[in-house]
Amino acid sequence: MFSGIHKNHCLTGILLIVFSFGALAQKADTLKEVKVHGKKVITHETKINDFSPGQQVLSIESNTLKLYNSQSVANLLAQQTPVFIKAYSFNGLATMNFRGSSAAQSQVLWNGVPIQNAALGMADISTLPVMFLSKVSLVYGGSAAMWGSGNVGGALLIENEAPTFDSGKKALSISVGAGSFNQYQAGLEGSLSGKKWYCSVKALGQTAINNFSYTDEQGQVQKITNSQLKSGSMMVNAALKTGTYSMLTLSGWYQQYDRQIPPALFEASSLKKQQDNSFRVLLGWDQKRPMTTWYAKTSFIKDDINYNDAAILVNSSSSSYQYFAEAGLRRNFEKIGQMILFAPAQLAWINAPTGNGLKYQNRIALAGAYDIKIFHQKLDLAVNGRYEVVNNNSFLLGGFNTAYELNHVLSLRGNIQRTFRLPTLNELYYFPGGNTALKPEYGWSEDAGYSLKCSSEKFNLRHDLAFFNRDIHDWIIWLGGAIWTPHNIAEVHSRGIETENKLEYDLGAWKLHLGVNTSYVLATTVHNYIANDGSIGKQIPYTPMYNGQMNIGFTRKRLFVNYNHTYTGYRFTVVDESQYQQPYQTGNLQVMYTASIGKHQIQLTAQCNNIWNERYAVVAYRPLPGINWLAGVKLNVL
């Protein structure tokens, strides 16, 4: 598989995995992975907190979110998690790869509502600003019974702040930032609350020329062109207490991204540009009593993509829409467990710009889960199921997961789920290239792992390991040359190991942290409907076998310093492994300092990315910048 590949990079990847088993890692100042067990809450989503004890969940700490406050979720995940982020350019399109899954097999949920583009079936996470979010969590492995068909690889949960009701309480902060390649940004955050109401507003504007240097295929240093970015985003959140136990919430989110698309290495120039507009609105209601919770939510999302290439006189526009609603009941039975029942419905549709007319997908389901803790609450068992109807197709999805706490040091977990994904509207109807003969993907996924925790007055240590296995039939992949078309591969087998290791050592005034996250993924084609294409036994394109991150640094009073190092292994770009992208390593230095000026608090952040000036590309023919920096100031006015 690795013939012709430099052995030193293979050795680096292997050593990264081996080292992780004995490595030590950081605590709460960078990343915190929480085993979903007992009373510990890591997200607002009860489906994760109380009904998924065996799933691996990675919750990013608030200090880390502050470090990346002026950046996108794509940068945050690429540097701090084992999930592979497929970034096409600097501030360009970025998608997720969970454990060898495709971008369309991963979900992004905003306050429990799926926000993938209704046509593409995936989300561009480079357009999600960290500043707008109070919680960011990753759920590894499929859980289609809980989140719906399409949840094959995993899910990214992004959430807003929970409303606080305090009469006369108000807050206002202003932030500005600047960086390499003429990057500039400004943000505003404000909130006001009363005894029964709450309102907050966040706004962010960004602009960048992104004219960084790169080395072309002839070894000459060039300046990237046609790479400007302009964006504006605003989010409004409001809440109203309608009773002692009930509350109404309303969230609105609008954003616009105007991006030029730089030339690939095989292009002499580019005049391509794209504008992405998204409008999202979410209305929710819940009634939380001691033993029973009722909830309902409804949302509407509109995504516009306007693409223009003046060089060949191409100008296309497409709009996709989705309406989502869900109502549910959660009931606690004290000593005999708890259950949740919910009924989600989703309507997605597009107006095809080529005259193909209205294309749509209707989804309606009835789902539920039951969780019980036995043996003095050491053993946590959960079973879940879902009956879903999509257009004229109906299917049953189910799963089981468990966690067992052997003692205060060692705990075990396991998860098995049936997975299913129907082709997206683009995969079926995109012109030219859509394939209406596509079959849905289906299969099973399993994962198991353990967590070791050890602590004293001076240090906290944690080691976590997960094994995973997934077998998917009729996997959908886009293939082609001038015109790309999606095809079904008969079977893809994904398996591997992930580790997380953390250590924090307290020296009084100084707190030291060290952490290593690693991922080893084999995602290979088992059978194929396309004969003699050389894919059997070979890695799926753009799935690195080795991937890992290290964080090391310290906290002293109000100063936080962290060095982040990432390694990404070979990414094969074709199904027979005959072409590939070289591995790369990047070093990133992050500093945050918090001070007080009278009654006001000021937060200073600085980040130097790729400090070793590595020349690399995540995607073939799409170079990324060498050393670059970004600094910001945030002032809490009120």
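The values are calculated or read from the model by the stated rules, or taken from the named source; none is laboratory data. Being a predicted model, the structure only gives us computed values, none of them experimental. Positions of Cβ are backbone-derived with ideal geometry, glycine not excepted, and every protein chain shown enters the neighbour counts. In case anyone asks, the SASA skips ligands and DNA or RNA and just uses the protein heavy atoms, side chains included. Shrake-Rupley method; radii C 1.70, N 1.55, O 1.52, S 1.80 Å.
Pull out a ≥ b ≥ c, the square roots of the eigenvalues of the alpha-carbon gyration tensor of the chain, then state rounded if a/c is under 1.5, prolate if not and a/b is larger than b/c, and oblate in the remaining case. Write out the running numbers ahead of the final one.
Values: a/c = 1.18, a/b = 1.09, b/c = 1.09.
Rounded, since a/c falls under 1.5.
The label point for MET291 and the one for GLN275, both projected 7 Å from the Cα toward the Cβ, are 5.7 nm apart.
Using the beta-carbon distance between GLN585 and PHE467 and R0 = 30 Å, what value does 1/(1 + (r/R0)^6) give for FRET efficiency, to the nearest 0.05?
Details: r = 26 Å, r/R0 = 0.86.
Approximately 0.70, to the nearest 0.05.
What is the distance in Å between the Cα centres of the range 107-165 and the range 261-331? What the calculation gives is 12 Å, centre to centre. According to the square roots a ≥ b ≥ c of the eigenvalues of the Cα gyration tensor, what is the shape class of the range 132-223, taking rounded for a/c under 1.5, prolate for a/b larger than b/c otherwise, and oblate for the remainder? Oblate.
Ligands, DNA and RNA aside, PHE560 has an accessible area near 10 Å² when probed at 1.4 Å. In the complete set of protein chains, residue-level accessible area for MET339 is approximately 50 Å², probe 1.4 angstrom.
Taking 0.36 nm per intervening residue step and subtracting the Cα-Cα distance, what contour gain separates LEU283 from ASN407 on full extension?
Details: separation 124, 0.36 × 124 = 44.64 nm, distance 4.25 nm.
Going from the current span to full extension adds 40.4 nm.
Across the accessible surface of the range 511-629, with the other protein chains kept in place and a 1.4 Å probe, carbon and sulfur atoms take up 59 percent. Taking a straight Cα-Cα cut-off under 19 Å and skipping sequence neighbours fewer than 8 places away in the same chain, the aspartates and glutamates within cross-link reach of LYS458 are ASP29, GLU504, ASP506. As a calculated quantity, the FRET efficiency between LEU188 and ILE209 at R0 = 30 Å, using C-beta atoms, amounts to about 0.80. The accessible-area ordering, largest first, of the residues ILE477, ILE372, ILE158 stands as ILE372, ILE477, ILE158, per a 1.4 angstrom probe. Among residues other than SER535 with Cβ under 12 Å from its Cβ, the summed charge is -3 (Lys and Arg +1, Asp and Glu -1). Spatially, the range 619-637 and the range 521-576 are offset by 22 Å when compared through their Cα centroids. Pop the C-beta distance of ARG558 and LEU522 into the FRET formula with R0 = 45 Å and round what comes out to the nearest 0.05. Efficiency, rounded to the nearest 0.05: 0.50.
Of THR225, THR543, which has the most accessible area with a 1.4 Å probe, and how do the rest follow in descending order? Don't jump to the answer; show the numbers that get you there.
On the way: THR225 75, THR543 5 Å².
Of THR225, THR543, the descending order of accessible area is THR225, THR543.
Which whole-number percentage describes the relative contact order of the range 214-277, with Cα contacts under 8 Å and a sequence gap of 6 or more?
Working: 103 pairs, mean separation 20.4, N = 64.
With pairs under 8 Å counted, the relative contact order is 32 percent.
Here MET131 sits with roughly 10 square angstrom of accessible surface, probe radius 1.4 Å. Counting 0.36 nm for each residue step from HIS376 to PHE333 and taking away their Cα separation leaves a gain of 13.9 nm.
Can you give me the relative contact order of the range 391-440 as a percent, contacts being Cα pairs under 8 Å and 6 or more apart? So the answer I get is 26 percent. Within the same chain, aspartates and glutamates fewer than 8 places from LYS202 are excluded, and of the rest, those with a Cα less than 19 Å from its Cα are GLU159, GLU161, GLU189. Using a Cα-Cα cut-off of under 25 Å, which lysines could be cross-linked to LYS273, ignoring same-chain neighbours fewer than 8 residues away? Those lysines meeting the cut-off are LYS86, LYS223, LYS230, LYS302.
Rounded to two decimals, the Cα-based Rg/Rh of the range 195-255, with Kirkwood Rh, is 1.43.
Accessible area per residue of the chain at 1.4 Å probe, in Å²? Working shown, then result.
On the way: 26950 Å² over 638 residues.
Solvent-accessible surface per residue comes out at 42 Å².
Note down the relative contact order for the chain as a percent, whole number, built from C-alpha pairs under 8 angstrom at least six residues apart. Before the final figure, lay out each step's value.
On the way: 1828 pairs, mean separation 83.6, N = 638.
After rounding, I find 13 percent.
The candidates ARG99, ARG556, ARG622, ARG462, arranged from most to least accessible area with a 1.4 Å probe in the full protein assembly, appear as ARG556, ARG622, ARG462, ARG99. Name the residues of the range 267-292 whose amide N is less than 19 Å from a point 7 angstrom out from the Cα of ALA345 along the C-beta direction? Residues passing the 19 Å test: 281-286.
Would you calculate a helix-derived [θ] at 222 nm for the chain, using -39,500 (n - 2.57) for each DSSP H run of n ≥ 4 and dividing by the full residue count, to the nearest 500?
Calculated mean residue ellipticity at 222 nm is -1500 deg cm²/dmol.
Working out 0.36 nm times the residue gap between LYS241 and THR164, then minus their Cα-Cα distance, what length gain in nm do you get to one decimal? Provide the component values of the computation, followed by the final result.
Values: separation 77, 0.36 × 77 = 27.72 nm, distance 1.04 nm.
Result for the pair: 26.7 nm of gain on full extension.
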